[in-house]
Amino acid sequence: MIANPTIVQDVFLNPGEFGFGGESYRFRTLLGSCVSIILWSPSRKIGGMCHYLLPLRTQGSSLNGLDGKYAEEAFQMFLQSLKQNRAEPSEFQAKIFGGSDMFSKEESILADVNNAGNSRQVGLRNIQFAKQILSEHRIPIVSENTGGSTHRRVFFTVWDGEVYLETNNK
């Protein structure tokens, strides 16, 4: 059994934020249509979490540097953290959460007529992007809780790689 650290660095991630650390870290966030990717290395006991809003930045955006609001750039932040820790993506496993359809069921039924570009489908596009980028980097997804129509509270403890999930499903 893995012991809890004596001092826990508790980090709450707001939308667009990213965190990465060692055994003393716990990351947590609240998700709706946003998605969190969690990467964890069982051998090194390091890992991180991102909380992104959209898969890609819109063209024409003049913002410099990486922005964690976008999945593609949040994943680049992961790759930078791995490089800083002299780690390879193959050492990590992934867990993904979120991507809810936060609109009413009636609105979802009307919007779901083969309209993948609809803004109501942002959760689905976020999920698809997470799976695609993890597959491209050969990082296995060992757990996921995605889709649906509810918010999620996600707690990730780096010392043991465990994720605790709260939803308002009845």
Residue hits (region 144-170; in contact with an Asp or Glu (Cβ under 7 Å, 6 or more places away or on another chain) and closer than 14 Å to Y25 by Cβ) are V158, W159
Those residues of region 122-146 that are open to solvent by 40 Å² or more (accessible area, probe 1.4 Å) and outside any strand (DSSP E or B) come to a total of 10
Residues of region 9-54 being free of Cβ contacts under 8 Å to residues at least 40 places away in the same chain and over 15 Å from the mean Cα position of the chain (by Cα), in sequence order, are Q9, D10
Hey, does region 68-83 have a residue that's surrounded by fewer than 22 Cβ atoms within 10 Å (Cβ to Cβ), polar (S, T, N, Q) and touching a residue at least 60 places away in the same chain (Cβ under 8 Å)? yes
Failed item in (1) within 24 Å of R153 (Cβ to Cβ); (2) without any contact (Cβ under 8 Å) to a residue 60 or more places away in the chain; (3) open to solvent by less than 20 Å² (accessible area, probe 1.4 Å), with G99 passing the rest: (2)
Region 147-170, residues that are surrounded by fewer than 17 Cβ atoms within 10 Å (Cβ to Cβ) and of a type in the set (F, W, Y): F155, Y164
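The values are calculated or read from the model by the stated rules, or taken from the named source; none is laboratory data. Owing to the predicted nature of the structure, the values given are computational and were not obtained by experimental measurement. Because the Cβ atoms are built from the backbone with ideal geometry, glycine has one as well, and the counts that use them run over all protein chains shown. These area figures cover heavy atoms from the full protein model, side chains too; ligands, DNA and RNA do not enter into them. Shrake-Rupley method; radii C 1.70, N 1.55, O 1.52, S 1.80 Å.
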